[in-house]
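Below is one structure, written out as structure tokens; comments come after it.
The values are calculated or read from the model by the stated rules, or taken from the named source; none is laboratory data. Just so you know, these numbers come straight off a predicted model, no measurement behind them. All Cβ positions, glycine included, derive from the backbone under ideal geometry; neighbour counts span all protein chains shown.
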Amino acid sequence: MNRERLKKLAKDKRFISGIYNYCDRWCERCQMTSRCLNFSMSEEKFSDPESRDIQNEKFWNKLSETFRETMELLRESAKEWGVDLDTLDDKEDVEDLKAKDTAVNNHLLSRAAKKYSESVEDWFKEKETLFFETVSAARDGVDLDEAVEVIRWYQYFICAKVMRAVRGGIVEKEDEDDEFPKDSDGSAKIALIAIDRSIGAWAVIRHYFTDDEKGVIDIIAFLDSLREAVEKAFPNARAFIRPGFDEINKGLSGN
């Protein structure tokens, strides 16, 4: 895909601007892929099986090509806006970025979200043998498989979005610009949605794993506390309107 093709796609009115910024990245389950520029670009770029296989060199070549083309477009646009990207990486900026990284990593919400990710991994490792026995016994219904898939999908996603929300909050305090919706609220909202769905999935797990009911309840309680903390830190997050997914009177449903 060359730059002209990218520019043409970017101007296509069927795509909803920014819809991919606050989704859960679960394209296989999303009803809005036809309205998403990122999805369309991905489908064109990785249209053959080899280019979708991360173990294949073709995949990484395609990914590098996409990144290079995107950066070229970004530089062109920045130049039109009078912004010199090459001046944005001086020592002072680098130190500021490092300081923000440290602040984000050390933030209570970030540490709690990371702890949840680790707890999920520990739980599945510890219950591996029992888990397969339970799954086998529950084959008549698909809800257990579904619950595991949901938990695993959002396991690290929650942490990534919570950390993005924290970073956004730090940057927004410096800018003090209330004219536009806050990225921190949008990131916090999709993190909260992921938490909501994960809690529901863990409730299904609890139904099957009666031998470790307390362990599952502890995870649910921790996740619920994380949800409460995110809502407290970002009180406007639930009201954030995600492009495409939350817009009113457009008949659009999404993730």
| task | State yes or no: is residue 32 modelled with pLDDT of 65 or more, farther than 30 Å from residue 222 by Cα and either outside the structural domain of residue 170 (by TED's automatic domain parsing) or not hydrophobic (A, V, I, L, M, F, W, C) (or both)? | result | yes
| Filter result for residue 233 (in contact with a helix residue (DSSP H, G or I) (Cβ under 7 Å, 6 or more places away or on another chain), buried (at least 18 other Cβ atoms within 10 Å of the Cβ) and among the small types (Gly, Ala, Ser)) | no
| Residues of the stretch 1-29 satisfying the condition of being buried (at least 17 other Cβ atoms within 10 Å of the Cβ), assigned to a helix (DSSP H, G or I) and either of a type in the set (Val, Ile, Thr) or modelled with pLDDT under 65 (or both) | 6, 19
| Do we find that residue 225 is over 16 Å from residue 185 (Cα atoms), exposed (fewer than 14 other Cβ atoms within 10 Å of the Cβ) and at pLDDT below 95 in this structure? | no
| task | Take the residues in the stretch 41-51 that are touching a helix residue (DSSP H, G or I) at 6+ places or on another chain (Cβ under 6 Å) and not aromatic (Phe, Trp, Tyr), then tell me which one is modelled with the lowest pLDDT. | result | 51
| query | Pick from the stretch 101-125 the residues that are without any contact (Cβ under 8 Å) to a residue 24 or more places away in the chain and of a type in the set (Asp, Glu): which of them is nearest to residue 222 (Cα to Cα)? | reply | 118
| field | Matching residues, the stretch 135-158, being at pLDDT below 60, surrounded by 13 or more Cβ atoms within 10 Å (Cβ to Cβ) and assigned to a helix (DSSP H, G or I) | value | 135
| request: Select from the stretch 77-125 the residues that are of a type in the set (Gly, Ala, Ser) and either modelled with pLDDT of 90 or more or part of a helix (DSSP H, G or I) (or both) and list them in ascending order. | output: 77, 78, 99, 103, 110, 112, 113, 117, 119
| request: Would you point out the residue of the stretch 152-198, among those that are hydroxyl-bearing (Ser, Thr, Tyr) and without any contact (Cβ under 8 Å) to a residue 60 or more places away in the chain, that is nearest to residue 29 (Cα to Cα)? | output: 198
| query | Do the conditions hold for residue 74, that is, is it modelled with pLDDT under 65 and either touching a Phe, Trp or Tyr at 6+ places or on another chain (Cβ under 7 Å) or not β-branched (Val, Ile, Thr) (or both)? | reply | yes
